[in-house]
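Here the structure comes first, spelled out in structure tokens, and everything after it is commentary.
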Amino acid sequence: MRDLDLAPFWRSTIGFDRFFDLLEDSAQRSGEDNYPPYNIEKVGDDRYAISLAVAGFSPDDITITAEQNTLTVEGHKTVKEDRQMLYQGISGRSFRRTFSLADHMQVKGADFDNGLLKIALVREVPEAMKPRKIAIGQSGSNDNKQIEQKKAA
């Protein structure tokens, strides 16, 4: 996937710039750290949920930012010097996880429960962009009426 050549597609398509950028970006991220582990779930027709396993973090240690078509989750653990750890198996390192969102995806909220951060997403397509039915009528029967002009007196 790292040697994906998109040049033939660039030559024959128009308006797919964002899609190709996403493909190239995902190819570059393939060797990225997988911390923290996460799930992406389809909850309904236009509803999704992202769950991140962030054990050891508190809600104050996590920042969620939605900007245009990108969702960013960052965690920075506050260090408490009064503890002496003999063994630390629960990772508390800082992280930054980004998700590319499709058009019209909105972040509806986030909950923190039992070490899981759950982010709710909804696709809200504007009414103007939804498919609509066009009524079939007798076009042309009344469109060609000629309006008489009155002579100027």
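Going by the conditions given, is Thr70 exposed (fewer than 12 other Cβ atoms within 10 Å of the Cβ) and at pLDDT 95 or above?
Answer is no for this residue.
Is it the case that the range 122-134 has a residue that's in contact (Cβ under 8 Å) with a residue 40 or more places away in the chain, farther than 21 Å from Asp45 by Cβ and out of contact with any His (no Cβ under 9 Å at 6 or more places or on another chain)?
Scanning the range 122-134 turns up no residue that is in contact (Cβ under 8 Å) with a residue 40 or more places away in the chain, farther than 21 Å from Asp45 by Cβ and out of contact with any His (no Cβ under 9 Å at 6 or more places or on another chain).
Exactly one condition in (1) loosely packed, with under 10 Cβ neighbours inside 10 Å; (2) assigned to a strand (DSSP E or B) is false for Asp60; which is it?
Asp60 satisfies every listed condition except (2).
May I ask you to verify whether Lys130 is closer than 25 Å to Arg18 by Cβ and modelled with pLDDT under 80?
Yes: the conditions hold for Lys130.
Is there any pair with a first residue in the range 13-24 that is over 14 Å from Asp103 (Cα atoms) and a second that is hydrophobic (A, V, I, L, M, F, W, C) and assigned to a helix (DSSP H, G or I) whose Cβ atoms are under 7 Å apart and which are 6 or more apart or on different chains, and what are they?
Phe20/Phe9; Phe20/Trp10
Just for the range 91-119: of the residues that are aliphatic (A, V, I, L, M) and either part of a strand (DSSP E or B) or exposed (fewer than 13 other Cβ atoms within 10 Å of the Cβ) (or both), which one is modelled with the lowest pLDDT?
Across the range 91-119, the extreme among qualifying residues is Ala102.
Is it the case that some residue within the range 15-32 is at pLDDT below 90, at positive phi and within 16 Å of the chain's Cα centre (by Cα)?
No; the residues of the range 15-32 include none that is at pLDDT below 90, at positive phi and within 16 Å of the chain's Cα centre (by Cα).
Picking from Gly89, Gly56, Gly75, which residue would you name as being free of Cβ contacts under 8 Å to residues at least 24 places away in the same chain, out of contact with any Leu (no Cβ under 8 Å at 6 or more places or on another chain) and among the small types (Gly, Ala, Ser)?
Matching residue, one of Gly89, Gly56, Gly75: Gly89.
The values are calculated or read from the model by the stated rules, or taken from the named source; none is laboratory data. From a predicted model like this one, the values you see are computed outputs, not experimental measurements. Heads up, the Cβs are rebuilt from the backbone with ideal geometry, glycines too, and the neighbour counts pull from every protein chain shown.
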